[in-house]
Amino acid sequence: MANQNEDIVTYFQKLDRAFFMDELKEFAYMDEAIPIGHEQTISQPSLVLEMTLALDLQPDSKVLEIGTGSGFQTALLAAFSNSVYTIERIAPLHERAKERLAKADFTNIHFKLDDGSAGWEEHAPYNRIMVTAAAAQVPRELMDQLAIGGKMIIPVGTTLHQELLLLEKEEHGEIHSTVLEEVRFVPLKGKYE
Ligand code: SAM
């Protein structure tokens, strides 16, 4: 696992964040969330890396991502897992992320334009779930779609105060929850807003 983490860090350091932005590219190398239009942001690079490492990806992982955004996080997930199912609710962001990730030669990413707060039932269960927008509470559907032994990273809280949670689904379906840190994400729209 140490090697996998080292590989993720090395890959991440070479991943050009500006490639995932259409505007404000001059700010691409700052460690800040940057607007990408539609009142959304490309996440802070250090947080993207930290969340990816905490998710403990395995080469055979089937990953669900809620909130494709620019596709920056999606690229990292797809490079270190078997397949990624990613959902975005804003059509222009969904389209641009699809174009970018095809251009970057990813063939293991499945895209959906939809409200992802209820997950993507058709392809469940998932070994890993990454949620990149903050929910008021953990969506029940996402917990149900997480495989036994699976892990989920999700920011939970209000607009002003959110905790980044690592949820692990244990052998008999019990959930083990760890607070990783305080964060500030855009809201997860839909019924868990
Ligand atoms: N990790 C992404 C990146 O670095 O580009 C950033 C994602 S941005 C912080 C959160 C994304 O979640 C936005 O693109 C937003 O439109 C999307 N989003 C919010 N609620 C959603 C929902 N219910 N279903 C799908 N996407 C949602």
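The values are calculated or read from the model by the stated rules, or taken from the named source; none is laboratory data. From a predicted model like this one, the values you see are computed outputs, not experimental measurements. Here Cβ is always computed from backbone atoms with ideal geometry, including for glycine, and neighbour counts include all displayed protein chains. Side chains included, ligands, DNA and RNA excluded: accessible areas come from the protein's heavy atoms. Shrake-Rupley method; radii C 1.70, N 1.55, O 1.52, S 1.80 Å.
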Given q = 0.09, 0.13, 0.18 Å⁻¹, what are the Debye log10 I(q)/I(0) values for the chain, with equal point scatterers placed on the Cα positions and solvent ignored?
-0.28, -0.62, -1.30
Cβ-based net charge around D7, under 14 Å, with every Lys or Arg adding one and every Asp or Glu removing one
-1
How large is Rg/Rh for the range 1-49, to two decimals, with Cα atoms and a Kirkwood Rh?
1.05
For the range 2-183, the percent of accessible surface on carbon and sulfur atoms (probe 1.4 angstrom, ligands and nucleic acids excluded) is 50 percent
Kindly report the accessible area of the chain per residue (heavy atoms of protein chains, probe 1.4 Å, no ligands, DNA or RNA), in Å².
48 Å²
Placed amide H near Y85: partners under 5 Å, 5+ positions off or other chain:
V63, L64, E65, H110
Past 31 Å, Cα to Cα: identify those pairs from K14/K191; K112/K169; K103/K191, in the order given.
K14/K191; K103/K191
As a test of the formula, what do you get for the chain when each DSSP H run with n ≥ 4 contributes -39,500 (n - 2.57) and the sum is divided by the residue count, at 222 nm and rounded to the nearest 500 deg cm²/dmol?
-8000 deg cm²/dmol
Positive minus negative residues near G157 (Lys, Arg vs Asp, Glu; Cβ under 14 Å)
-3
